[in-house]
């Protein structure tokens, strides 16, 4: 076996080990600094799955927000319906009061009641026409329904805010107000039932959406997030190996100098 070589084999082996250790250190540093386990080619397939899970999670979060918007729209309709009910109650009071017309002055008392009844009827019709959420009508003289997106794949819940509120024609006799009021009150009651059912359905679907979003985000996190305890240990290990390998490179190079001693 020759005792002389132009190649420091030990130094090459140690250098290769040092290079490998440095790569390991860089990978650990990158994973610890970014919080992503898959970086540096750590788990491309896993990252693909995590991306899909994250997309689903965020979509479910938006679906939950859609449901919240639907609830807000329903509450807008509910508030308008309650105001209509209050006005209809007063309209009915005027109708019953006008039934006592025999004891009232036609030129003053009945005329005053008629004017109030007309004003109330106009107010009810205006609310029915102008009650909107973000510019979208919530009430009307016919049924009003809106589709609310509540899933991550386009699924919807139908929010019905009214079965229709019949327009009140001009009232010239306050005594006719009680019939119009009864019709309005009945329609308001039905509409409030639709709104309450819609709110209940949206709250349930919203809870499901929030749960799905949270659990999908947790699943994605388990796949793509860095295990800090493990990666810190890897960083320490590779740091030690790198220092040791570099020290061995120096030792191997120094061993070659023994050849010079023989030549001297």
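Quick one: which of 164, 149, 175 is more than 17 Å from residue 69 (Cβ to Cβ) and at pLDDT 90 or above?
Going through 164, 149, 175 in turn, just one is more than 17 Å from residue 69 (Cβ to Cβ) and at pLDDT 90 or above: 164.
Residues being under 27 Å from residue 167 (Cβ atoms) and assigned to a helix (DSSP H, G or I): count how many of those fall in the range 83-108.
Total meeting the criteria: 17.
Suppose the filter is assigned by TED's automatic domain parsing to the domain that holds residue 191 and part of a helix (DSSP H, G or I); does residue 147 pass it?
In short, no.
Working carefully through the options 245, 250, 220, find the one that is surrounded by 14 or more Cβ atoms within 10 Å (Cβ to Cβ), at pLDDT below 75 and either in a helix (DSSP H, G or I) or touching a strand residue (DSSP E or B) at 6+ places or on another chain (Cβ under 8 Å) (or both).
245
Would you check if residue 140 is closer than 30 Å to residue 209 by Cβ, assigned by TED's automatic domain parsing to the domain that holds residue 191, at pLDDT below 90 and surrounded by fewer than 17 Cβ atoms within 10 Å (Cβ to Cβ)?
No: the conditions fail for residue 140.
So if I check each of 73, 61, 101, which one is surrounded by 14 or more Cβ atoms within 10 Å (Cβ to Cβ) and either closer than 23 Å to residue 186 by Cβ or touching a strand residue (DSSP E or B) at 6+ places or on another chain (Cβ under 7 Å) (or both)?
Of 73, 61, 101, the one residue that is surrounded by 14 or more Cβ atoms within 10 Å (Cβ to Cβ) and either closer than 23 Å to residue 186 by Cβ or touching a strand residue (DSSP E or B) at 6+ places or on another chain (Cβ under 7 Å) (or both) is 73.
When residue 100 is evaluated against the numbered criteria (1) in contact (Cβ under 8 Å) with a residue 60 or more places away in the chain; (2) under 30 Å from residue 123 (Cα atoms), which criterion, by number, is the only one it fails?
So the condition that residue 100 fails would be (1).
Would you call residue 84 touching a residue at least 24 places away in the same chain (Cβ under 8 Å) and surrounded by 15 or more Cβ atoms within 10 Å (Cβ to Cβ)?
When the stated conditions are applied, residue 84 passes them.
Run down 97, 75, 89 and say which single residue is under 30 Å from residue 212 (Cβ atoms) and either under 36 Å from the mean Cα position of the chain (by Cα) or modelled with pLDDT under 95 (or both).
None of the others qualify; the one that does is 75.
Failed condition for residue 38, given (1) modelled with pLDDT of 85 or more; (2) surrounded by 15 or more Cβ atoms within 10 Å (Cβ to Cβ), with all others met?
Failed condition: (1).
Any chance the range 113-126 includes a residue that's part of a loop (DSSP other than H, G, I, E, B) and either more than 30 Å from residue 53 (Cβ to Cβ) or at pLDDT below 90 (or both)?
Checked the range 113-126: no residue is part of a loop (DSSP other than H, G, I, E, B) and either more than 30 Å from residue 53 (Cβ to Cβ) or at pLDDT below 90 (or both).
Which condition does residue 30 not pass, out of (1) surrounded by 14 or more Cβ atoms within 10 Å (Cβ to Cβ); (2) in contact (Cβ under 8 Å) with a residue 12 or more places away in the chain; (3) farther than 30 Å from residue 183 by Cα, if it passes all the others?
Going through (1) surrounded by 14 or more Cβ atoms within 10 Å (Cβ to Cβ); (2) in contact (Cβ under 8 Å) with a residue 12 or more places away in the chain; (3) farther than 30 Å from residue 183 by Cα one by one, residue 30 breaks only (2).
Between 73, 80, 11, 64, which is over 30 Å from residue 192 (Cβ atoms) and part of a helix (DSSP H, G or I)?
After applying the criteria, what remains is 11.
The values are calculated or read from the model by the stated rules, or taken from the named source; none is laboratory data. Note that the coordinates shown come from a computational prediction; the quantities given were computed from them, not determined experimentally. All Cβ positions, glycine included, derive from the backbone under ideal geometry; neighbour counts span all protein chains shown.
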